[in-house]
Amino acid sequence: MKNERIINVAVAGACGRMGSTIISLLQKTQDMKAVWIFESKNHPSIGAEVFPGLIVRDNFEKCPAADVLIDFTTPEATMENIEIATKKKIKAVIGTTGFSQEHIDKIKSVAKEIPVLVSPNMSIGVNIMMKLVELATTMLGKDYEVEIVETHHHNKKDAPSGTALRIGEIINNVRGKQAREGFIYGRSGTPGPRTPDEIGIHAIRISDVVGEHSVMFGGRGEILEISHRCFTREAFAQGALIAARFIIGKETGFYQMADVIDWLM
Ligand code: NAP
């Protein structure tokens, strides 16, 4: 599973919550090394040695030969960074969430030139949860009602979370439906009785919760609940590093964490 040489990593959003967690973890990891860490142009930490031996840069263009870009920033920043990664032939692991379909289409076209892995949730536990959701949906059939609840910290920009949407898409895929068919984002007013096909998605924003997801399958007289709780961002950072080890062995292609889970098995 391990690569023979050290993997050189460029980290976008170096001073952000995820970027800084990834750099700290890289500094404790033997087979990987942060070689270029960068931030948005006017970030106050540009030029500072925020992490031992690493200066925060204000661009990705000048990055020396890195093998992989790990990017947890904003959709706009990721789209710029991926263009540069393509020119520089640097493989990309993208954890940013909140992409539009147009963004995803663009990333998929870039993936014809470099390998790109995109996942709204890099936690290994959450991705195993998704496999369990797929299995439960197949086994329970179409008669079970589905509701998804996610909870995140009060600074999260997008809602519902990319992970909650992905869980709903997996269920729809198993049921032979369009990706986001029947999604209902919260309920208010007088929505009336629930229709059998809808998938309710609820976003709670409170305190400093790192990330919680729960899927409920409701049948006659029973509810099956599959849930996952993330206590620290290290769960995502660790998954991103495993994804980088996975993608280093690829030449082109669009990948998701499900591919990494299959690779780990
Ligand atoms: P954050 O703390 O706001 O960090 C984002 C960082 O990116 C900020 O430091 C920001 O700088 C920087 N940035 C903005 N534009 C940039 C550019 N052009 N080049 C380089 N850096 C740039 O957010 P976060 O909590 O770390 O989350 C980042 C993203 O990852 C979000 O989309 C979040 O939803 C997602 N996320 C994904 C996972 C997963 O497992 N996939 C887990 C957690 C979070 P400024 O502050 O100057 O704008």
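The values are calculated or read from the model by the stated rules, or taken from the named source; none is laboratory data. Since the structure is predicted, the reported quantities are computational estimates derived from the model, not experimental observations. Because the Cβ atoms are built from the backbone with ideal geometry, glycine has one as well, and the counts that use them run over all protein chains shown. We work out accessible area using only protein heavy atoms, side chains counted, and drop any ligands, DNA or RNA first. Shrake-Rupley method; radii C 1.70, N 1.55, O 1.52, S 1.80 Å.
Summary of values
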read-out	value
In Hz, Karplus ³J(HN,Hα) per residue of the stretch 34-42 (6.51, -1.76, 1.60; θ = phi - 60°; x = Gly, Pro)	6, 10, 8, 10, 9, 9, 5, 3, 9
Other-chain or far-sequence residues with amide H under 5 Å of I184's (modelled H)	I199, G200, I201
Most positive-pole-ward Cα, T73, F60, L117, against dipole of the chain from beta carbon charges	F60
Percent carbon-and-sulfur accessible area, the chain, ignoring ligands, DNA and RNA, probe 1.4 Å	51
Placed amide H near I37: partners under 5 Å, 5+ positions off or other chain	V11, R57
Antiparallel content of DSSP bridges confined to the chain, in %, to 5	35
Derived scalar couplings ³J(HN,Hα) [the stretch 167-180; Karplus, 6.51 cos²θ - 1.76 cosθ + 1.60; whole Hz; x for Gly, Pro]	4, x, 5, 4, 5, 4, 4, 4, 8, x, 10, 5, 3, 10
For the stretch 205-225 and the stretch 18-68, distance of Cα centres in Å	36
Relative contact order computed over the chain (Cα-Cα under 8 Å; 6+ residues apart), in percent	21
Accessible area in square angstrom per residue, the chain, 1.4 angstrom probe	50
Long pairs among K87/K131; K88/K131; K28/K106; K33/K87; K88/K157; K62/K106, criterion Cα-Cα beyond 32 Å	K87/K131; K88/K131; K28/K106
The stretch 194-254: translational diffusion in µm²/s, Stokes-Einstein, Kirkwood Rh over Cα pairs, 25 °C, 0.890 mPa s	160
Gyration tensor (alpha-carbon) shape descriptor, the stretch 124-230, a/c threshold 1.5	oblate
Karplus-derived HN-Hα couplings along the stretch 77-87 (A = 6.51, B = -1.76, C = 1.60, θ = phi - 60°), whole Hz, x at Gly and Pro	5, 4, 5, 5, 5, 6, 5, 5, 4, 5, 4
Convex hull volume per residue in cubic angstrom - Cα atoms of the chain	141
Theoretical ellipticity at 222 nm over the chain - DSSP helices of four or more residues, -39500 (n - 2.57) apiece, nearest 500	-10000 deg cm²/dmol
Within the stretch 151-231, trypsin sites (Lys or Arg not before Pro) in DSSP loop having at most 10 other beta-carbon neighbours inside 10 Å	K157, R220
Largest-first ordering by accessible area, 1.4 Å probe, given options M139, M18	M139, M18
Cα-based shape type of the stretch 1-87, given that a ≥ b ≥ c are square roots of the gyration tensor eigenvalues and the cut on a/c is 1.5	oblate
Amide proton proximity set for L117, modelled H, under 5 Å, gap of 5+	A92, V93, I94, Y255
